[in-house]
Amino acid sequence: MKILVTGGAGYIGSNLVDALLSEGHEVHVVDNLSTGKIDNIQHVLGHERFHFVNDSILNRTLMDRLIAKVDQVYHLAAVVGVKYVVDDPLKGIITNVTGTEVVLQKAYKYWKRTVIASSSEVYGKSTDVPLAEEADRLFGPTTVPRWSYAMAKAVDEHFAYAYANKGHPVSIVRYFNSYGPRLDPKGYGSVIAKFITQARLGQPMTVFDDGGQTRCFTYVNDTVRGTLLAGTVPEAVGHVFNIGSNRETTVLELAQIIRELVGSGSEVQQIPYRNVFGEHFEETRRRVPDIRLAAEVLGFRAETPLEEGLRKTIGWFRQAWPREKLAPGRSDLAGFFEPSEQELGAGR
């Protein structure tokens with residue numbers, strides 16, 4: 001098949017590209033490299049079945065041309081990461097809402113099966129764990145920019161369902177805190193990337209609040225496998241699926257596991273949220289997916305144990321980011337060593 005991956009130079013997108021190429025597909029990628037990295041796809045730029053366009057999904061003419069010539073679309077392009085969203089809410093809303101509207105409009109025009117990547121953020125502050133796909137959602141006030149990403153992703157899902165109601169073959173996947181090789185340690189918004197680097201450098205591992213907030217971390221191979229199933233299983237059309245592990249881990253426990261796996265003597269340092277995000281930042285205490293629907297319809301279950309996935313991720317970091325590349329003072333890492341967001345948003 002000919003397949004388009006929007007955001008294909010991103011962390012999850014590039015891993016999805018690798019999987020599709022390994023299956024023999026011809027893969028087209030559009031990515032404006034705002035958060036994606038050319039390094040993530042450098043190894044496939046010369047591949048005869050790979051085609052890359054450095055541009056935005058907001059370019060309607062381009063998207064019309066690309067979607068017209070492919071058989072299927074995986075839409076992963078988005079502004080992700082709490083800090084990016086809080087720093088520039090308008091950019092996030094326009095990219096995440098209008099961009100998805102463009103992709104779905106063109107996919108509907110040419111009747112191409114589509115998978116929309118959403119996020120566990122759509123559940124907001126809901127405490128009804130495990131979080132089922134049909135559960136109610138709970139959000140904070142619109143005065144808090146942190147919730148604009150969650151609302152944008154919810155609108156994306158409404159767009160998808162609106163087209164599904166017209167018969168268009170579209171599915172939605174909600175990612176739960178994916179991690180693995182190609183995470184960006186400079187600011188993608190991953191607590192795992194941050195902890196690994198801090199531990200490797202022997203720096204304090206910064207845990208927000210008391211570290212008792214929990215997430216379910218999902219290795220990228222499982223994230224990609226769930227995404228592919230949502231795009232290929234006939235019964236997946238018209239549905240949304242939680243794609244994640246159901247192992248609940250506190251951030252404090254995560255820091256301790258990574259410190260041990262790295263073999264680091266770093267101390268764990270607790271800091272208030274307000275020190276980084278201001279007085280009005282709101283956080284979700286627990287986020288655990290109900291995985292029954294994905295298991296029943298897709299036959300999907302996350303298979304990689306957390307410790308195994310972390311070992312593989314640490315190994316990749318050691319190879320891709322030698323200690324000399326992480327030396328404080330490098331201009332391309334400016335701000336990297338300031339306390340940054342944990343993987344609270346984007347769900348990936």
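The values are calculated or read from the model by the stated rules, or taken from the named source; none is laboratory data. Since this is a predicted model, take the numbers as computed values, not measurements. Reconstructed Cβ throughout: ideal geometry from the backbone, glycine too, with neighbour counts over all protein chains shown.
Condition check ((1) touching a Gly at 6+ places or on another chain (Cβ under 6 Å); (2) free of Cβ contacts under 8 Å to residues at least 60 places away in the same chain) across all residues:
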| position | (1), (2) |
| --- | --- |
| 124 | no, no |
| 129 | no, no |
| 132 | no, no |
| 139 | yes, yes |
| 142 | no, yes |
| 149 | yes, no |
| 154 | no, yes |
| 157 | no, no |
| 164 | yes, no |
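Kindly evaluate residue 70 against the criterion of being touching a Leu at 6+ places or on another chain (Cβ under 7 Å), assigned to a loop (DSSP other than H, G, I, E, B) and in contact (Cβ under 8 Å) with a residue 60 or more places away in the chain. For residue 70, the condition - touching a Leu at 6+ places or on another chain (Cβ under 7 Å), assigned to a loop (DSSP other than H, G, I, E, B) and in contact (Cβ under 8 Å) with a residue 60 or more places away in the chain - is met.
For the range 298-311, a residue qualifies if it is assigned to a helix (DSSP H, G or I) and surrounded by fewer than 18 Cβ atoms within 10 Å (Cβ to Cβ), and the qualifying residues are 307, 308, 311.
For the range 312-329, which residues satisfy the criterion of being modelled with pLDDT of 90 or more and loosely packed, with under 10 Cβ neighbours inside 10 Å? 319, the sole residue that qualifies. Within the range 128-139, the only residue that satisfies the criterion of being surrounded by fewer than 18 Cβ atoms within 10 Å (Cβ to Cβ), touching a strand residue (DSSP E or B) at 6+ places or on another chain (Cβ under 8 Å) and farther than 24 Å from residue 236 by Cα is 138. Just to be sure before I move on: is residue 266 part of a loop (DSSP other than H, G, I, E, B), buried (at least 17 other Cβ atoms within 10 Å of the Cβ) and over 19 Å from the mean Cα position of the chain (by Cα) in the structure I sent? The answer is yes for residue 266.
Among residues of the range 191-210 that are farther than 17 Å from residue 179 by Cβ, those with a beta-carbon under 7 Å from a residue that is modelled with pLDDT of 95 or more and not small (Gly, Ala, Ser) at least six positions away or on a different chain give the pairs 204/267.
Within the range 220-248, being under 23 Å from residue 184 (Cα atoms) and either among the β-branched types (Val, Ile, Thr) or in contact with a strand residue (DSSP E or B) (Cβ under 7 Å, 6 or more places away or on another chain) (or both) holds for 220, 223, 224, 226, 227, 243, 244, 245.
Taking the criterion of being of a type in the set (S, T, N, Q) and buried (at least 24 other Cβ atoms within 10 Å of the Cβ), the residues of the range 1-39 that qualify are 6, 14.
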